[in-house]
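All remarks here apply to the structure that follows.
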Amino acid sequence: MGITKVAFFVYFVKDIDRAKAFYTDVLNLPVSYETPAWVQFKTEGGTLALHLADAESTDVTNEKAGGIIGFQVDNLEQYAEYLKQHNVKLKNDIRNEHFGKLLDIYDPDGNSINLFEPAHVAHAH
């Protein structure tokens with residue numbers, strides 16, 4: 001008995017429609033469940049949910065108020081170019097580490113997203 005995987009991750013957002021458009025139209029995540037204040041995306045590693053923030057109780061403008069979700073990608077350089085074409089705000093340049101490549105970006109509400117390409121991924125040229 002114990003933790004076996006990430007089940008879900010929730011970001012609080014100011015504009016649920018804008019946030020949903022970013023995650024569906026730019027990041028291409030499929031919606032699995034939706035209400036007026038909640039949008040849920042199913043990915044292989046777990047569920048990402050967006051929850052409409054209560055303006056009086058949740059400060060979504062502070063990066064430390066939320067968390068960071070990490071998505072694995074097949075080709076980080078190619079995906080970074082795609083994101084730039086969609087005017088996604090990059091937090092930094094791609095970093096090469098012994099375990100792979102990393103890039104941090106922001107969603108429209110300023111939530112941090114980490115993109116990760118494992119070192120073992122081989123690209124066809």
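Listed by chain and number, the aspartates and glutamates placed with their C-alpha closer than 18 angstrom to that of LYS84 are ASP25, ASP74, ASP93, ASP104, ASP107, ASP109, GLU117; residues fewer than eight positions away on the same chain are left out. Among the listed pairs LYS14/LYS89; LYS14/LYS101; LYS20/LYS101, those whose Cα-Cα separation exceeds 21 Å are LYS14/LYS101; LYS20/LYS101. In plain terms, the residue of TYR33, TYR79, TYR106, TYR23 with the fewest other Cβ atoms within 10 Å comes first and the most crowded comes last, giving TYR33, TYR106, TYR79, TYR23. The spacing between region 83-119 and region 28-52, judged by their C-alpha centroids, is 20 Å.
Laboratory data are not the source of any read-out in this text; all were calculated from the coordinates shown. In this text the structure is predicted, and so the values were computed from the model without any measurement. Note that we place each Cβ from the backbone using ideal geometry, even for glycine, and neighbour counts take in every protein chain shown.
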